[in-house]
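The structure appears below as structure tokens.
Quick note: the coordinates plus some simple rules give every number you see, no bench work behind them. On a predicted model such as this, the values are computed, not experimentally measured, just so you know. Reconstructed Cβ throughout: ideal geometry from the backbone, glycine too, with neighbour counts over all protein chains shown.
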Amino acid sequence: MASVEPEPAPESVIPFPSTMQTLHAQQSARKNEHLLHTVLDNMEQGVLMFDADARLVFCNRRYLTMYGLTEELAAPGRSLRDLLQHRVRLGNFSDDLDDYIARLMACLAEKKTFCNVVSSGDDRVVSIVNTPLTDGGWLATHEDVTDRQKAQEQIAHMARHDALTDLPNRVLLRERLEHELKRVKRGECLAMLCLDLDHFKSVNDTLGHPIGDELLKIVADRLRGCTREPDTIARLGGDEFAIIMTQLQQPSDAAALAKRIRNSIIKPYQIDGHQIVSDISIGISVAPLDGTEADKLLKNADLALYGAKSEGRGTYRFFEQEMDTRMKARRDLEMDLRNALANRELELYYQPLVNLQTNEISAFEALLRWNNPTRGMISPADFIPIAEETGLIIPIGEWVLHTACRQAVSWPDHVKVAVNLSPAQLKSRNLVKVVTTALAESGVAANRLQLEITESLLMQNTFATLATLHELRKLGVQIAMDDFGTGYSSLSYLRSFPFDKIKIDRSFIQDLSNGAEPLAIVNAVAGLAKCLNMISTAEGVETQQQFDALQAVGCTEMQGYLFSKARPAHEVDRFFAEDATKAAGAA
Ligand code: C2E
Ligand code: MG
Ligand code: MG
């Protein structure tokens, strides 16, 4: 406490003066005063009291330390102006002195509290409250709110930025987009870019999340390096980014930015001793051409991104109206597919596989058909991808397994049933259980079930996937590699798992008449299968010439229209009757 004149004890406290009582009263007043000193000096806030003439009555120690004042400078009796002038000199009063005093006095004259938050000139923020007192003076409190303000700013920043990359998040992107769209209404153009890293998930899955995070940070830096100051780059979550490109002269400016970004993103990344390559897909919508509302522009850029991804990724696409139409049609299809199982619109057709050594049917492949009352028969090539994306493939795949096993149980024991598996099914935890139940409920022996998986599934190869495959094989189920040759480094996948069968993709078979090369490939695969003790199946055999060529290179099994198209379940028995007749004829 700087200095407080001890006030005489109020008379009313001593109704019947006597020497003893006076002494007591003085002691008690000193005690009160000491108490007041202690409280005031230990307060977090600076406290000052002024009288009606704007002269200091007292101030506490905290006020002195806050502004670096001495007791002398803040002694009772000093005028407010004096005090503030010292602070101006010390560099911690940045307001206009006369203006400040005038505003304060005007407010107090009206018996109103005068509050303000000021920067004290040394990066500190102080909240000041001046409360008028009944005698015409006032009480002022000064509170250092720098930390509180910083925390609030931090919270406000976090609410609008992504923690990993410190880029604006979806909230801030929207705010900026709304803001920029006002300029579009005044005649400017802008482009909205939605970006998605290709195969980022596999980086996370194979190298771990810390490396994935590091990659995202570098990608964010590279994006910063491709854009100009007024553009906004945002991270929307996961591997999704967005950019608002302002002051667009023509749509080709956005295409140029997209190309620049791709060139930067595809450069290899060195993270923790790993070399990583990545690519990016970009969708672009342009305002006002493709919309003047934030929602519509974002949605259209997203549709364009979807278009870029379905065109094989690593590319950019501008929004086109048909994308919207196609997406709506797709959504309708998805809605219908959701009801297909319950409405019993799904059916399994079966196509025979013929063993070339015995000339007998060795297996039937179950091929899914969707017979919708309004759409008619829909090819699995059209609806399986949608079922995969929506997760519907899990219940549908389970239905296929159960149905195929139930129908196959009536076939001769040596005839197997082949079922196609989707990547999503293999990733789901309970596939082994679904297979075990389907076998147990139908009574089909495990070694009569063949599961077909594609290379794309092994490209997303994780330990969990391989472990599931091994578990299935332990049950006695056979595993076939489907559509072999359509993926990337096919041979290395053959080493990763001991397949029972390789199905050579029908594109190779169709090419057989186009020179020696396709035949050489089929020859090599058939030879490889033989060495590895696997069955080699040629898919899509349609002509006798293909049949002869394939037999000559040693394929062990064939499937195709030459033998039969896929047929409904109730027609399968006919094949066995034919087989039996053939056998009887041969005998
Ligand atoms: P896939 O497993 O490679 O099946 C073979 C496809 O080739 C079938 O088409 C079959 O009808 C067709 N095909 C057979 N022989 C010939 C031929 O000689 N010439 C020609 N041009 N085509 C022939 P489909 O039934 O349209 O099935 C297409 C794909 O849909 C299948 O390819 C498979 O990947 C997928 N699929 C079918 N059913 C299921 C299922 O139950 N689950 C899953 N996950 N996928 C399925
Ligand atoms: Mg198949
Ligand atoms: Mg196939």
Taking the Cα centre of each part, how many Å lie between the stretch 406-438 and the stretch 289-353?
29 Å
Place the peptides 443-450, 475-482, 560-567 in order of packing, highest mean first, counting for every residue the other Cβ atoms within 10 Å and averaging per peptide.
475-482, 443-450, 560-567
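Which entries of 501/530; 296/328; 474/503 have Cα-Cα distances beyond 19 Å here? Could you put the intermediate results ahead of the total?
Numbers: 501/530 10 Å; 296/328 15 Å; 474/503 21 Å.
474/503, as the Cα separations exceed 19 Å there.
Taking only C-alpha pairs under 8 Å that are 6+ residues apart, what is the relative contact order of the chain in percent?
Result for the chain is 7 percent.
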Under-5 Å amide H pairs with residue 416, H placed in peptide plane, nonlocal only:
363, 364
Would you kindly state how much longer the chain becomes between residue 464 and residue 127 on full extension, computed as 0.36 nm times their sequence separation minus their alpha carbon distance, in nm to one decimal?
115.4 nm
Between the residues 168, 120, 553, the Cα farthest towards the positive end of the dipole of the chain, that dipole coming from +1 and -1 charges on the beta-carbon of Lys, Arg, Asp and Glu, is from 553
Just subtract the alpha-carbon distance of residue 109 and residue 311 from 0.36 nm times their residue separation and send over the number in nm, one decimal.
65.3 nm
Taking H as built 1.01 Å from N, whose amide H comes closer than 5 Å to the amide H of residue 58, not counting residues under 5 places away?
49
Over 35 Å apart: what share of the alpha carbon pairs of the chain falls there, rounded to a whole percent?
62 percent
May I ask you to derive the FRET efficiency for residue 117 and residue 437 from their Cβ-Cβ distance with R0 = 60 Å, giving the value to the nearest 0.05?
0.30
Where does each of 533-544, 213-224, 178-189 land if you order them by average Cβ count within 10 Å, highest first?
533-544, 213-224, 178-189
Would you please calculate the Kirkwood hydrodynamic radius of the stretch 240-305 over all C-alpha pairs and express it in Å, rounded to one decimal?
13.4 Å
Cβ-based exposure ranking for 402, 470, in which fewest neighbours within 10 Å come first
470, 402
Spatial separation of Cα centroids for the stretch 197-218 and the stretch 240-267, in angstrom
22 Å
Please work out the FRET efficiency for the pair residue 38 and residue 96, using the Cβ-Cβ distance as r and a Förster radius of 41 Å; give the result to the nearest 0.05.
0.65
222 nm mean residue ellipticity, helices alone, for the chain (DSSP H n ≥ 4; -39,500 (n - 2.57); rounded to 500):
-15000 deg cm²/dmol
Any idea what % of Cα-Cα pairs in the stretch 333-412 are farther than 20 Å?
38 percent
Compute the long axis of helix 80-90 from its Cα atoms, compare it with the longest principal axis of the Cα atoms of the chain, and write down the angle in degrees, 0 to 90, nearest 10.
50 degrees
Calculate, for residue 321 and residue 543, the FRET efficiency according to 1/(1 + (r/R0)^6) with r their C-beta to C-beta distance and R0 41 Å; round to the nearest 0.05.
0.40
Mind sorting 427, 299 by how few other Cβ atoms lie within 10 Å of their own Cβ, fewest first?
427, 299
Does anything in the stretch 513-529 have its amide N under 16 Å from the 7 Å Cα→Cβ label point of residue 495, and if so which residues?
528-529
